[in-house]
1. Which whole DSSP H helices in the chain pass both tests: a Cα extent of 18 Å or more along the axis and a mean Kyte-Doolittle value no lower than 0.0?
2. Once both labels are modelled 7 Å past Cα along the beta-carbon direction, what's the Asp143-Glu440 spacing in nm?
3. Please get the size of the charge dipole for region 399-461, origin at its Cα centre, with Cβ charges of +1 on Lys and Arg and -1 on Asp and Glu, quoted in debye to the nearest 20.
4. Could you give me the percent of Cα pairs per 10 Å distance bin for the chain, shortest bin first, beginning at zero and ending with the bin that holds the maximum distance?
5. Given the Cα-Cα distance of Gln283 and Arg350 and 0.36 nm per residue of separation, how much length would full extension add, in nm?
6. Expressed as a whole percent, how much of the Cα-Cα distance distribution for region 300-456 exceeds 29 Å?
7. Among 39-52, 91-104, what's the highest-first ranking by average C-beta atoms within 10 angstrom per residue?
8. Hey, what do the phi angles of region 432-443 turn into as Karplus ³J(HN,Hα) couplings, whole Hz, using 6.51/-1.76/1.60 and θ = phi - 60°, x for Gly and Pro?
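Nothing in this text is a laboratory measurement; each read-out follows from the coordinates by a stated rule. Just so it is clear, the structure is predicted and the values come from calculations on it, not from any experiment. Here Cβ is always computed from backbone atoms with ideal geometry, including for glycine, and neighbour counts include all displayed protein chains.
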Amino acid sequence: MQSRTRLGVIISGSLNSGLTARLEARESVEDMRVGNFVVVNGEKNDFFSMITDVTLEASNPKVLNDPPTGDAFIHAVLAGTATFGTLQVRPQLMLPHDPSAQLSPVKTIPRHFSPLYEAQEADFSRVFGEADRTHFEIGKPLDMEVPVCIDLERLIERSNGIFGKSGTGKSFLTRLLLCGTIKAGIASNLIFDMHNEYGRDALAEGNIFVKSLRQLFGSQVQVYTLDPDGMQRGSYDGEVVIGLDQIEVEDVIPLQDELNLSSTAGETAALFADQYKERWLTQLLAMDSAEIKEFAEANGAHAGAIGALKRKLAQISRLKFIQKQADFSVIDRMIEALAAKRHVVLEFGRHSSSLAYMLVANIITRRIHRRWMDQSEKYNQHKNAADRPHPLMITIEEAHKFLNPANAKQTIFGIIAREMRKYSVTLLVVDQRPSSIDNEVMSQIGTRITALLNDERDIDAVFTGVSGGTALKAVLATLDSKQQALVLGHAVPMPVVVRTRPYDEAFYKAMQQSRTGTTTFAPRTMEEESDDLFPD
């Protein structure tokens, strides 16, 4: 610690509420920033800590009764003696003085007058590790140029969330994580691309186009679309169409708000499904008023409720990618690609309404759920490594529409968030309103990457189930609106505020290089892949 800058000493504190440090007279409180990191040098351990608050104190309250305004000399005389600054510091990890010893959670505190030092690059490297195949650089501390890495293997063990108000860069954070998992090869990715940002180049601020996942990783990433008219020839691998016979009652229930369905709509739809099986929706939409009345009398239903359900579900049949009948061949190709450790982006093109997005995402994810569950049960039964399903991460935007309290317990996404970790399927939820997500689901979110939020309810939701969340709220409130995020949870050893990694030419080059600096693959152009998809 001899070569470090000493900032102050610990004067009080507790394990639960954190520590208070008195600043040295030479240190300015204006240089102390909430979210920055410091190290407390204890007798047996160093305590890697975060600044959570900065305060002004006075040893004698009388000084404050008649403040010496405008006299720089008096200010200098009083500074550090009668007046001084203090830092509220929350220890995050204990670093034993033996460099070979393991880091450990904080279970005690340092003694009085333990010195407080600024954190250095070696501390960050020891805490967050160095970038390698499974440790991915997400950004850098606010005032330092040392990488902060997340553990990708721990990331994919649980569902994760990216939160922030509109315009704070959630899509770029999502791209970073997706690129990290693709490059590491530790999980397949299925991205429901509501706003067409991942499968093709996207326009960023400053009229700059940023590269898509397809451009970065070539044929490792397959692009499917619901809107082939909006894409160039050869830029996608298949067109997804949905048949009325593929829509189940479970796919309709989450559309209650989009279709203005009544509370009994699910029960009414279930009557048709019991009688007509997969043809239930086709049969309902084809019925005239006399047939509806006859069905209602035979099944103890209300004819008016059936008629209203028919009118509202007719909106589904008017979607351009909906047909009377369709097979699952294209969807099965997508699933086979995911099982073969590739990655799939499903673009919605002009069909970016909540109705289309929720309907298609539910249908495809339900089929994936069955495949991965069957595969996992087969592996558990025979213990054959070849049967073990490859981990899959499903990215959904506007996640609160799927995971709100009304839908979370009955949609396939709610099931995945609560239970599918044991079947190697997790979610990456991207949302600007985390307060609208069910609390039980939020408690299952393993790693949370949060950009600036203003709404108190959203801030409270982000810290659901997080110890020390009160102190971290103050840290979150200090973030800039661009390129800053608070990272906390399962994939990092402690909460950390980072200046997020730029998604630029240097990043593109890094994604195309292995750890040894050799090119791992050569992404092909759209025209080259077009020759394979549409040969002459």
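1. The answer, listed by residue number, is 170-184, 303-317.
2. The two pseudo-label positions are separated by 4.5 nm.
3. Roughly 300 debye, rounded to the nearest 20.
4. Bins of 10 Å from zero give 3, 16, 23, 22, 15, 10, 6, 3, 1, 0 percent of pairs.
5. Full-extension gain reported as 21.3 nm.
6. Summing the P(r) of region 300-456 above 29 Å gives 28 percent of all pairs.
7. In decreasing order of mean packing, 39-52, 91-104 become 39-52, 91-104.
8. 9, 10, x, 5, 8, 8, 4, 4, 5, 5, 4, 5
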